[in-house]
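The values are calculated or read from the model by the stated rules, or taken from the named source; none is laboratory data. Quantities reported herein were computed from a predicted structural model and do not represent experimental measurements. Heads up, the Cβs are rebuilt from the backbone with ideal geometry, glycines too, and the neighbour counts pull from every protein chain shown.
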Amino acid sequence: MPEINLTEISTERLSDDFLSVNSCGIQEISEHDRGSVRRGGRVDYHILYVARGICRLTLNGERLEVPAGNVILFRPGEPQEYFYRAEDKSVSHYIHFTGTGVAELLERLGIGDIRVFDMGISGTYEEVSEKMVREFTMKRQFYESWCAAYLHQLLILIGRKYALRYSHISRSAEHRINDACRRIYENLPNPPSAEELASECCLSVSRFTHLFAEVTGKSVVVFTQAMRIDRARELLSATDLSVREVAEAVGYADQNYFSRLFKKLTGKSPRDIRRGD
């Protein structure tokens, strides 16, 4: 990966926006050691994601070797002292950000107090980060809003990983359930049963259903039902399909049952959604 080293523009600024990216980038450290020492910290927030290699961090007077897959979060005014050795061939994703809603958002996501968190190597994080860096670099119309949206996604991803990790769910189990969720999403008209999904995950049905509820917060039936209704809402809003056709598209052969269920879960009838009510 070529080094993306952005010139930081107003990285010390504060913003009245809810969430705003001051600068971001991806650095491949392979020729020279790189790092920063700011004992007084910054006025904004700073996230480092170690995609490859090792970040050598000083935290509360202790020197730590932070390997790939870890996120480091610095809050305003917190000392920052870290560096990467060229010999480690590290890759670092960084974001400087600010906003009136940052503290509230971090608390809501359950990551208000984290400093260093091993979330594991995440292709999703890297993909979203790369999109944000492209937007920030190209500075096309509304790029600030795109960058804020991508940052929001990354914070949600960290929050989700953090919640799963501290509920004692292993990464292997998380991946299995995520695969099961994708299988349901890709087959909404005729989704696989819990028995089929359990077999694909190499788990007993009881273990699978328990794990599924731990990861998603819902049973397989409720999760599938909610996904079907969400998809039906999209079709009712964005297409000219009849209510019957929408019901069939998400796997309900009985239009009346579909309409009753839709209203129960959304508070509106399919025809209300169609009318834009």
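A few notes on this one:
- For V37: the one exception among (1) in contact with a His (Cβ under 9 Å, 6 or more places away or on another chain); (2) under 27 Å from A148 (Cα atoms): (1)
- Residue in segment 124-134 that is modelled with pLDDT under 95, at negative phi and polar (S, T, N, Q) present: yes
- Of all residues making up segment 64-79, the number that are buried (at least 20 other Cβ atoms within 10 Å of the Cβ) and more than 22 Å from E126 (Cβ to Cβ): 0
- Test result for I184, assigned to a helix (DSSP H, G or I) and in contact with a Pro (Cβ under 8 Å, 6 or more places away or on another chain): yes
- Subset of segment 143-171 that is assigned to a helix (DSSP H, G or I) and hydroxyl-bearing (S, T, Y) - its residue that is nearest to G110 (Cα to Cα): Y162
- Verdict on L203 being over 20 Å from D230 (Cβ atoms), surrounded by 15 or more Cβ atoms within 10 Å (Cβ to Cβ) and modelled with pLDDT under 95: yes
- Here L151 fulfils each of the conditions (1) closer than 20 Å to G217 by Cα; (2) of a type in the set (A, V, I, L, M); (3) in contact with a Ser or Thr (Cβ under 9 Å, 6 or more places away or on another chain) apart from (1).
- Test: residue in segment 218-240 that is within 13 Å of I177 (Cβ to Cβ) and among the basic types (K, R): yes
- Any hit, segment 96-103, residues being among the polar types (S, T, N, Q) and either crowded, with 20+ Cβ neighbours inside 10 Å or not assigned by TED's automatic domain parsing to the domain that holds L57 (or both): yes
- Lone qualifier among R140, R134 - being of a type outside the set (S, T, Y), farther than 22 Å from A68 by Cα and outside any helix (DSSP H, G or I): R140
- The residues of segment 136-160 that are under 14 Å from V21 (Cβ atoms) and touching a strand residue (DSSP E or B) at 6+ places or on another chain (Cβ under 7 Å), listed by number, are F136, E144, C147, A148, L151.
- Qualifying residue in segment 212-228 (condition: β-branched (V, I, T), surrounded by fewer than 18 Cβ atoms within 10 Å (Cβ to Cβ) and outside any helix (DSSP H, G or I)): no
- Some residue of segment 116-126 being in a helix (DSSP H, G or I), more than 22 Å from R42 (Cα to Cα), touching a residue at least 60 places away in the same chain (Cβ under 8 Å) and assigned by TED's automatic domain parsing to the domain that holds Q27: yes
- Residue within segment 183-195 that is closer than 22 Å to F97 by Cβ and in contact (Cβ under 8 Å) with a residue 40 or more places away in the chain present: no
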